[in-house]
């Protein structure tokens with residue numbers, strides 16, 4: 001868990017969105033990002049908040065992509081095309 005939550009966070013929705021937000025703002029390689037996104041997914045599943053399940057799955061997918069894609073992971077020699085700002089993989 002992310003530790004003590006701020007006093008103004010009272011609902012399941014707020015807890016889950018806080019976890020997702022914290023995960024999104026970390027580099028993909030930071031182990032806390034995957035931990036918080038996974039926790040958000042588990043909590044959203046328990047309370048059956050379908051939109052937040054989708055959001056947490058999206059964050060986990062982005063983390064997986066950013067840590068395995070040769071372009072996005074910054075591996076030397078991956079040769080990102082100069083005409084491409086966004087990864088197309």
Inset, instruction - Treat each spin label as a single point 7 Å out from the Cα along the C-beta direction, and report the residue 24 to residue 69 distance in nm. - result: 1.7
Inset, instruction - For region 12-68, list log₁₀ I(q)/I(0) at each q in 0.18, 0.23, 0.31 Å⁻¹, using the Debye formula over Cα point scatterers of equal strength and ignoring solvent, two decimals each. - result: -0.48, -0.75, -1.23
Legend entry - Among 30-43, 58-71, the order from most to least packed when residues are scored by Cβ within 10 Å on average: 30-43, 58-71
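Taken together, the values in this text are just the output of simple stated rules run on the coordinates, not laboratory data. Just so it is clear, the model here is predicted, and its values are computed rather than measured. Note that we place each Cβ from the backbone using ideal geometry, even for glycine, and neighbour counts take in every protein chain shown.
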